[in-house]
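I am attaching a structure below and will ask some questions about it afterwards.
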Amino acid sequence: MALPDFNSEGDLPEGVYQSTFDEVVERFGQGTPQRQIVAERFKQIFKLAQTTGKLERLVIFGSFVTAKPDPNDIDIILVMRDDFGEQDFDADEFPVFDHLKSQQKLGASLFVIRPAFLIGETIDEFVAHWQVKRDLRKRGIIQLIFEESQ
């Protein structure tokens, strides 16, 4: 499924779009050297999260999935299985699961959630909330489709 064109503000139109890893890198990881750097960070984060065997969903939002030529970082929500715990990773080896370390070491804003931690909303509702920007307008975000080869 092709991702839509950007709207007049340089965002994807409101919605949660399904996309593969390769489609995201091809669409958003090209152009400027900064976009290529951020795409490499995305690749590293995705691989690290997958090594746990407990990644259920990965959602991308923020400037990386906009028309902005030089996004500072990548914003990601990692939805992990409910049985995911600290014993499943080494914090030094996998800074993905520590928000501050991931910002410092990976140049990413990462948010990790397990479905059991949600109160009064579904995972789909939680994900949809991340369409809301700081100015309260909505933008499109991307939920990764996992492929067998990844």
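Can you list the strands (runs of 3 or more DSSP E) found entirely within the stretch 1-80 that contain at least 1 residues being in contact with a Phe, Trp or Tyr (Cβ under 6 Å, 6 or more places away or on another chain) and surrounded by 15 or more Cβ atoms within 10 Å (Cβ to Cβ)?
Per the criteria, 55-61, 74-80.
Here is a check on your reading of the model: is Lys133 within 20 Å of Glu40 (Cβ to Cβ) and open to solvent by 20 Å² or more (accessible area, probe 1.4 Å)?
no
Can Ile145 be described as open to solvent by less than 40 Å² (accessible area, probe 1.4 Å) and either at pLDDT 80 or above or closer than 25 Å to Glu23 by Cβ (or both)?
On the way: open to solvent by less than 40 Å² (accessible area, probe 1.4 Å): no; either at pLDDT 80 or above or closer than 25 Å to Glu23 by Cβ (or both): yes.
Against the criterion (open to solvent by less than 40 Å² (accessible area, probe 1.4 Å) and either at pLDDT 80 or above or closer than 25 Å to Glu23 by Cβ (or both)), Ile145 does not qualify.
Tally the residues that are touching a residue at least 24 places away in the same chain (Cβ under 8 Å), of a type outside the set (A, V, I, L, M) and either surrounded by fewer than 17 Cβ atoms within 10 Å (Cβ to Cβ) or touching a helix residue (DSSP H, G or I) at 6+ places or on another chain (Cβ under 6 Å) (or both), restricting the search to the stretch 110-123.
First, the residues of the stretch 110-123 that are touching a residue at least 24 places away in the same chain (Cβ under 8 Å): 110-116, 123.
The next check asks that each one be of a type outside the set (A, V, I, L, M); those that pass are 111, 114-115.
Those left that are additionally either surrounded by fewer than 17 Cβ atoms within 10 Å (Cβ to Cβ) or touching a helix residue (DSSP H, G or I) at 6+ places or on another chain (Cβ under 6 Å) (or both): 111, 115.
Qualifying residue count, the stretch 110-123: 2.
Does Gly31 fit the bill of being out of contact with any Ser or Thr (no Cβ under 7 Å at 6 or more places or on another chain), over 23 Å from Phe97 (Cα atoms) and modelled with pLDDT of 95 or more?
Taking the combined requirement at face value, the residue does not satisfy it.
Being of a type outside the set (A, V, I, L, M, F, W, C) and within 13 Å of the chain's Cα centre (by Cα) is the filter here, so list the residues in the stretch 100-118 that pass it.
If the condition is that a residue be of a type outside the set (A, V, I, L, M, F, W, C) and within 13 Å of the chain's Cα centre (by Cα), then Ser102, Gly107, Ser109 are the ones that fit.
The values are calculated or read from the model by the stated rules, or taken from the named source; none is laboratory data. This one's a predicted model, so the numbers in the text were calculated from it and none came from an experiment. We place every Cβ from the backbone using ideal geometry, glycine too, and count neighbours over all the protein chains shown. Calculation scope for accessible area: heavy atoms of the full protein, side chains included, ligands and nucleic acids excluded. Shrake-Rupley method; radii C 1.70, N 1.55, O 1.52, S 1.80 Å.
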